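A quick write-up on the structure given underneath.
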Amino acid sequence: MTLLKQWRSLLLGVLALAAFAAISACGDDDDNASSTATGTAGASTSATAASDAAPADQQHLIVQSLEPQFYDPHRSNFEQDISVQRHLFRGLYNLTVQSDGSAKPLPLYAAGDPTVSADGKVFTVKIKPGLKWSDGAAVTAQQFADGVKEGCNPANASPYTYLLQTVAVGGIVGVVGCDDYSSALGTKDAPKTPTPAELTALADAMGVKAVDATTLEVTLVDPLGVAAFKNVFSLWTTFPARLDIVSQFGDKWTDPEHIVSNGPFKMTELVPGDHVTLAPNPNYTAGSPTKLQSLKIQFIDDYSVGARDFQNDEIDITRIPDTDVPIDQGNDLKDELLVYGSGRITTVETQLKDPVLAKDKVRLALSQAINRDEMTAVTTSSVAQPALYWLVKGLPGHQGNAPFSSIDFDPAKAKQNLSDAGYPNGAGFPSLELTIQDTPNRKAQADYLKKAFKDNLNIDITIKAVDSKTRSQLFNSENFQLFIGGWNLDYPDPENPIVGLFNTGGGNNHYNCSDPAIDAKIEEGSRATTFEAHVKAFQEAETLIVTKLCGVIPYMQEGLPYLVNKKVGGVQPNGTIDAGGPGTWCGECWYVKAGS
Amino acid sequence: MTGYIIRRILWIIPVLWAVATITFFLMHAVPGGPFTQDKALPDPILQALNHRYHLDQPLWRQYLSYLWDLGHLDLGLSFKGDRDVSYLIQHGFFVTAQLGLLSFCVAMAWGLFLGVISALNKNGPLDYLGVLFATVGASVPNFIAGTFLVIVFAVELHWFKIVGWGGPIDWSDTFTASAWEPRKMVLPVIALSLLPSAYIARIMRASMLEVLNQDYIRTARAKGLANNVVILRHAIKNSLIPVLTVMGPIFAYLVTGSFIIENIFSIPGIGGAFVDAVQARDYGMIMGTTLFYAAVVAFANLAVDVLYATVDPRIRYG
């Protein structure tokens, strides 16, 4: 009898599960109501022109993002960190997209441009009075001074400390004392163990202070142009710090119950691994207030998954892989596709210590064997743009492809150059290894390159696909021959993709480019006191780097394809700044359109 | 039996130590560290990061420190957000366990049902259908099954939701009605239970056919027992022993092998966190999740061995 009951229970269990599935499947379908929005997602709409916005109770969006590692702007490393931090925090200046697509640092918490001492080393910034944090506390100059010190604090070990360090150690603005403070723990080979008092003394010795509640004074080691100063002081490393909160809660200060913010949003909920929810910061008056009542950032690592979630109307904005870009005529998703310009140039990097690749004509032959138009169309659905340049489109100093036509696709010249290098029709050319990250798009590009080199030069390469960390380790240890790499722009200044990458002995110069003419131009650009001279020097450095193929063979400027629901307004291209999340550089611009 | 269980539990300790040791040194042997990236960090910043996480100490000292902390049930910090590994495992496993348990129940119910029906209709249409399901279920990887279900039942038909988990993510929300959203649970559970249900169906069918040919079944029928009673009282119970054998590994598979399904459905479980940790060289999280998985497998096998003795009176542990 007992067994009979168990058997019935089993059957009932099966039936219950079937019913559960059926009931669930037939549940409320309101969430799936298709939007009746007008306009296209790609239309650039300013935050102030939102007369078509839906009522406040409908202003809720869910967007896809990778999960941030840290929410503290002085510890951020990855795009997804910075993207969310930009919603929560803002600095003295704000990178703002211009009508030409470029991004300029406009005053936000600063009352205007800085005043500069006669020697170009002391910058004084007045801060707008009466501005508040999300908890109602006043925003003060001291908090900005603390923010700069946090950016150099070795306890934070910020990967972006270099923004505040001197040119001598590979830095940018060179705040007095930052080099010493940030290196207080020494190096692996020469570690140091400073006492707390010594660390405090190093922080106090930094050249940044609040003259009064609304006046910040920053003293630099070397003279600097105003534009470069404003660029760096619009970035996360210089955002203000609330040391009262940090000291009270320690590393937990960014938890939702403790965090305070001075950006357009505040954090209301955080579920690690799942999502973070933001709400408007009612005290944010430095810039345009957000129209959204809530912004849920759903952590989805796989862009293909994000694309399917978007199609199921569960995500309003998502990044998608190049391979998922809707290109077929009649595909409804084409109307919801938005391709941001990316700040990333992708290249084949060549190890110049390798005797074969050290030959100029070999590198030129490889470059001339790549049909970049075809490659970008085939491997990225034309999301990326063919590139011969190194300074990306939208960046001051960008020269376009024209000056670099000598390295462009030309199979006849490619063959000739390879022959001139001693390998007629590829004879005697050793098989080279191309190291790539094991992702679908990089595999597609590698396969294309392999075929192009075989078809046009009759040479063979082998592809070595590894995970991200292994790839980086191989690159940093210079253990590669060919390598799909590149540079992702950190901030819109032509020095960013050049300093440290092409100067002899530069920290990121793992292809061993060493050319006195390039070194001289980099030195000239770094020391220039006007922005125009600064840009010109780096343009000339770029010309030398590309025409000599000094470690890099550029082939594409990547794009960032997103799907944006038609109901979303205010989504703007973000200029040259690569963002880990969709349009995160102006989240306050987003709104839900009426009738959605 | 109690003595046997205690001995088995004590044996788990050296097993976990061995797993911890092998994982620790393998983890440090693979190329790339947690702070390895293309844009190489300056030496002082790298040193500061290593100092923060005690990676500036010699490897043997890191190992001993880890064992010491482990002995005090301290799994350390994840490099991702400086959160306690034990906190992340607890939260992740709470979600993964829901997914795994539901899938286990579905797999058992559906697999046993199909196996029994197939056996009772040997070489009939229902048998062929059951065998077809078992073959397809065993052949189709769950990432294909999951993606297929998403495209058909979510993207095309919009029947189900596919972002996140439909159960509570925190223990404290277990009895909060709004934390439950069954529409999000159906597809991941089906996708995850497909393979084990096919496996169970196959085993149950074979076992049932064997039992149905046993003398005691023939005897029961000869004595005039109704067919239903013969099947329910004698055949099914005795056919379950081979299924019990695989229940432990299946349970372990369901609660440790769900990372692909978690990825497809953006479920914040421990499987996805483990894969992320390996890719990011998040040492604390790798160690914590590996040890946790090892413990789950060890205890699942122990539970099955105990179940043997419960179901089959011939089995006795000394």
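Coordinate-derived values only; no laboratory data. Here the structure is a predicted model, which is why all the values come from computation and not from measurement. Cβ atoms come from the backbone with ideal geometry, glycine included; neighbour counts cover every protein chain shown.
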Counting pairs of alpha carbon atoms under 8 Å apart in space and at least six apart in sequence, what relative contact order in percent does the range A:306-385 give?
26 percent
Sequence gap at least 6, Cα distance under 8 Å: using those rules, report the relative contact order of the range A:208-301 to the nearest whole percent.
15 percent
Return the long-range amide H neighbours of A:Gln399 (sequence gap of 5 or more, or a different chain), with a cut-off of under 5 Å between placed amide H atoms.
A:Leu391
Ignoring solvent entirely, what values of log10 I(q)/I(0) come out of the Debye formula for the range A:113-195 at 0.14, 0.19, 0.23 Å⁻¹ when each Cα is a single scatterer?
-0.62, -0.95, -1.14
In the range B:216-261, if every C-alpha pair distance is counted and binned at 10 Å from zero, what percent goes to each bin?
24, 30, 21, 16, 8, 1
Förster radius 45 Å - calculated FRET efficiency between A:Glu198 and A:Ala137 (Cβ-Cβ, nearest 0.05):
0.90
Rounded to whole Hz and in sequence order, give me ³J(HN,Hα) for the range A:451-466 from the Karplus expression 6.51 cos²θ - 1.76 cosθ + 1.60, θ = phi - 60°, writing x for Gly and Pro.
5, 5, 5, 5, 5, 9, 10, 6, 10, 10, 10, 10, 9, 10, 9, 9
Calculated over the protein assembly as shown: convex hull of Cα atoms, volume per residue (Å³):
196 Å³
Here the range A:436-443 yields Karplus 3J(HN,Hα) values (6.51, -1.76, 1.60; θ = phi - 60°; whole Hz; Gly and Pro given as x) of 9, 7, 7, 10, x, 5, 5, 5
Relative contact order of chain A, please, whole-number percent, based on alpha carbon pairs below 8 angstrom and at least 6 residues apart.
22 percent
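Only helices at least 20 Å long along their axis, Cα-based, and averaging -1.0 or more on Kyte-Doolittle count here, so list those DSSP H runs from chain B. Write down the numbers at each step before the final one.
Values: long enough: B:2-29 (41 Å, 1.44); B:85-120 (49 Å, 1.61); B:125-139 (21 Å, 1.17); B:186-212 (35 Å, 1.50); B:236-256 (29 Å, 1.40); B:283-311 (42 Å, 1.49).
Helices meeting the span and hydropathy rule in chain B are B:2-29, B:85-120, B:125-139, B:186-212, B:236-256, B:283-311.
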To make sure I understand, if each residue's beta carbon is the centre and we count other beta carbons within 10 Å, what order do A:Leu292, B:Leu192 fall in, fewest to most?
A:Leu292, B:Leu192
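Quick check for me: using +1 on Lys/Arg Cβ and -1 on Asp/Glu Cβ, what's the dipole size of the range A:422-565 about its Cα centre, in debye to the nearest 20?
500 debye
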Just B:Phe265, B:Phe299, B:Phe175 to compare: in a GNM of chain B, with alpha carbon springs under 10 Å, which one fluctuates most?
B:Phe175
The range B:121-193 and the range B:211-244: distance between their alpha carbon centers, rounded to Å:
33 Å
Violating pairs (Cα-Cα greater than 19 angstrom) within the set A:Lys359/A:Lys415; A:Lys132/A:Lys296; B:Lys122/B:Lys223
A:Lys132/A:Lys296; B:Lys122/B:Lys223
One finds, for B:Leu126 and A:Asp460 with R0 = 56 angstrom and r their Cβ-Cβ distance, a FRET efficiency to the nearest 0.05 of 0.50
Looking at B:Ala107, A:Tyr591, A:Ser51, which one has the Cα that reaches farthest to the positive end of the dipole of the protein assembly as shown (charges on Cβ: Lys, Arg +1; Asp, Glu -1)?
B:Ala107
Would you please give the residues with an amide H less than 5 Å from that of A:Thr187, counting only those at least 5 places away or on a separate chain, with H modeled from the backbone geometry?
A:Lys192
Too-long pairs where the Cα-Cα distance tops 27 Å, listed order kept, from A:Lys353/A:Lys521; A:Lys128/B:Lys80; A:Lys266/A:Lys593
A:Lys128/B:Lys80
For A:Ile463, A:Ile127, which order do you get if you count the other beta carbons within 10 Å of each Cβ and list the fewest first?
A:Ile463, A:Ile127
Reachable lysines from A:Lys443, criterion Cα separation under 24 angstrom, eight or more residues apart if same chain:
A:Lys451, A:Lys454, A:Lys464, A:Lys469, B:Lys39
Cα pair distances exceeding 38 angstrom across chain B, given as percent
29 percent
